[in-house]
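First comes the structure, then the notes that go with it.
The values are calculated or read from the model by the stated rules, or taken from the named source; none is laboratory data. All values reported here derive from a predicted model rather than from experimental measurement. Methodologically, a virtual Cβ is constructed for each residue, glycine included, from the backbone with ideal geometry; neighbour enumeration extends over all protein chains shown.
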Amino acid sequence: MIAQLSPADFSAWRDSVDADERAPLVLDVREPWELQTASVTEDGFTLLRIPMREVPARVEEIRQQFGADHPVACLCHHGMRSLQVANFLAQNGFTAVVNLQGGIDAWSRQRDTAVPLY
């Protein structure tokens, strides 16, 4: 089962993970038009934007770039697509995956009100 991480608790998670002195990864799986509407800003984490439909074809790229044990937090609009991607990553050997519960909508409400709601 994939752990659910509230955006309000993201900073504590980010600061607690052991990423071998590399920042944890936030994998934003929203579509390009959504990224133009609202996006998070890197703050102690690495941001990687890959639409959900492209993740299966790029899973090995993610593994090679970050490693299967690298902490990954998946993000979408409301948390459903990101949960599917988090499950996919876990099924493909990624061991430190969480889902950002409520997606960027919750991120805007709980963590950064400068991120527009849509």
> Between residues in segment 30-43 that are more than 22 Å from residue 14 (Cβ to Cβ) and residues that are surrounded by 14 or more Cβ atoms within 10 Å (Cβ to Cβ) and at pLDDT 95 or above, which pairs lie under 6 Å by C-beta distance while being six or more apart or on different chains?
Replying inline: 31/51
> List pairs: first in segment 97-118 and closer than 12 Å to residue 77 by Cα, second of a type in the set (Gly, Ala, Ser) and exposed (fewer than 15 other Cβ atoms within 10 Å of the Cβ), Cβ under 9 Å, 6+ apart or cross-chain?
Replying inline: 99/3; 106/8; 108/114
> If you scan segment 1-27, which residues turn out to be closer than 11 Å to residue 73 by Cα and either in contact with a helix residue (DSSP H, G or I) (Cβ under 9 Å, 6 or more places away or on another chain) or part of a strand (DSSP E or B) (or both)?
Replying inline: 2, 3, 4, 5, 6, 7, 10, 24, 25, 26, 27
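Would you check which residues across segment 15-37 are modelled with pLDDT of 95 or more and either over 19 Å from residue 83 (Cβ atoms) or in contact with a strand residue (DSSP E or B) (Cβ under 8 Å, 6 or more places away or on another chain) (or both) and list them?
Those that are modelled with pLDDT of 95 or more and either over 19 Å from residue 83 (Cβ atoms) or in contact with a strand residue (DSSP E or B) (Cβ under 8 Å, 6 or more places away or on another chain) (or both): 24, 25, 26, 27, 28, 29, 30, 32, 33, 35, 36, 37.
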>> Any residue that is without any contact (Cβ under 8 Å) to a residue 12 or more places away in the chain, within 15 Å of residue 3 (Cα to Cα) and not charged (D, E, K, R) - is there at least one of those in segment 81-91?
In response: yes
